[in-house]
1. Hey, does segment 126-146 have a residue that's within 17 Å of the chain's Cα centre (by Cα), farther than 18 Å from Leu325 by Cβ, free of Cβ contacts under 8 Å to residues at least 40 places away in the same chain and assigned to a loop (DSSP other than H, G, I, E, B)?
2. Can you pull out the residues in segment 60-87 that are within 14 Å of the chain's Cα centre (by Cα) and under 24 Å from Ser367 (Cβ atoms)?
3. For segment 203-251, which positions are surrounded by fewer than 24 Cβ atoms within 10 Å (Cβ to Cβ) and assigned to a loop (DSSP other than H, G, I, E, B)?
4. Take the residues in segment 156-181 that are surrounded by 24 or more Cβ atoms within 10 Å (Cβ to Cβ) and of a type in the set (Gly, Ala, Ser); name whichever of them is farthest from Val339 (Cα to Cα).
5. Which one of these does Cys120 not meet: (1) touching a residue at least 12 places away in the same chain (Cβ under 8 Å); (2) assigned to a helix (DSSP H, G or I)?
6. How many residues are surrounded by 13 or more Cβ atoms within 10 Å (Cβ to Cβ) and in a strand (DSSP E or B) if we restrict to segment 16-30?
7. Say whether the condition of being assigned to a loop (DSSP other than H, G, I, E, B), touching a strand residue (DSSP E or B) at 6+ places or on another chain (Cβ under 7 Å) and not assigned by TED's automatic domain parsing to the domain that holds Met212 is met by at least one residue in segment 162-185.
8. Go through (1) buried (at least 23 other Cβ atoms within 10 Å of the Cβ); (2) within 25 Å of Phe327 (Cα to Cα) one by one and return the number of the condition Cys120 breaks.
Amino acid sequence: MATETSGKTTEYEIPKTCKAGVVVNEGPNFHLEVEDVPVPEPGPNDVLIKLNATGICYSDIHYMLNDLPIPKMSVFGVRSPGHEGAGVIVKLGSHVKNWKVGDRAGIKPAYDACFNCELCWTGKETYCEESPQIGLQFPGSYQQYVLSPARYTSKIPEGVDDFTAGPIMCSGSTIYCSLKESGLKPGDWAVFPGAGGGVGHMGVQIAKAMGMRVVGVDGGDAKKELCLRLGCEAFVDFTKVESVADEVVKICDGKGAHGVFVTATSGGAYASAPMMCRISGRIMCIGLPPAGTAFAGADPLLMVGKNLHVIGTKVGSLLDTDKALEFAARGLLKPIYEVFPLAKMPEAVKKLQGGNVAGRLVVDFNS
């Protein structure tokens, strides 16, 4: 609860503990439980955010499964993953001048950066060696009260609610970054394997808003309906065709896609991507398969013969996040999500792990 003086919010009543989804039995047989955890105290350069919503991302599941070639959450003493949070700032560190209590704010996958290297200076700060990951190296957005460095916290614009902003912090900014780096132009064919998923369905909307011709690839009638409603010019159901690549090439003027944005995490999606491309096509690597289960690229003869480009893009930068939020503020990006109350966060995680999600799952901390 906030108190007010002369119409201005000055202070929030901050509890000693808060609810959080925490991983139990980290590894292949993990499960999530909702527990009370201490509310952290902001350092001099931090803000304390009370989250109203968090998206559930498959990267969180990778962290809890330990199936990526990176250190475990437990190495850093972290039990709560999550990196798609949106809420309100309730307390400032003693040195913070660029925020005020009551401001709306969001956290994204990258926790901070050094801002003193070439990568940071050129908008590639998520690749900075001093850019740790929230929800892996720091408690993430499955915890209602979280810390964020003031200089790396994102402002949420007017007209964008927290259930929209949360998923954009990761999925929206990540796919915006990939679309930007692909160099595709209005009128180019953009194909999205995994188009009905959390990242893919936002890519469909942003690509459409950028003037691209969009083809969705996914499985099932629910994903088809969603993709066509969001702006796909065509949809290929991988469960119903003999060759996804042949169908995509046929749709894309018989020549193939200018860019294939692999938001799916399967080895099959990556294996078929080069076959979907036209001459000089770009294979954009976004989805993270478990280590050793997929390969991005093709036989060098095909790569050379088609002048193919394979490009990996990580999570979006500060600027990418702001740009993705701008699309939402203009009504051009509307994440499709199913809301779960906090007590059912474990069910949301299990549902995403099972792969039966069209759009995004979002947890409401206030229900």
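1. yes
2. Asp60, Ile61, Pro81, Gly82, His83, Glu84, Gly85, Ala86
3. Met210, Gly211, Gly219, Gly220, Gly231, Glu233, Phe238, Thr239, Lys240, Val241, Glu242, Ser243
4. Only one residue tops the list, namely Ser178.
5. Unmet condition: (1).
6. The first filter runs over segment 16-30 and keeps only residues surrounded by 13 or more Cβ atoms within 10 Å (Cβ to Cβ), leaving 18-24, 26, 30.
Pick out the ones that are also in a strand (DSSP E or B) and you get 18-24.
Number satisfying all stated conditions: 7.
7. No, because not a single residue in segment 162-185 is assigned to a loop (DSSP other than H, G, I, E, B), touching a strand residue (DSSP E or B) at 6+ places or on another chain (Cβ under 7 Å) and not assigned by TED's automatic domain parsing to the domain that holds Met212.
8. (1)
The values are calculated or read from the model by the stated rules, or taken from the named source; none is laboratory data. A quick note: this is a predicted structure, and the numbers were derived from the prediction, not measured. Counting neighbours? That spans all protein chains shown, and the Cβs are built from the backbone with ideal geometry, glycine included.
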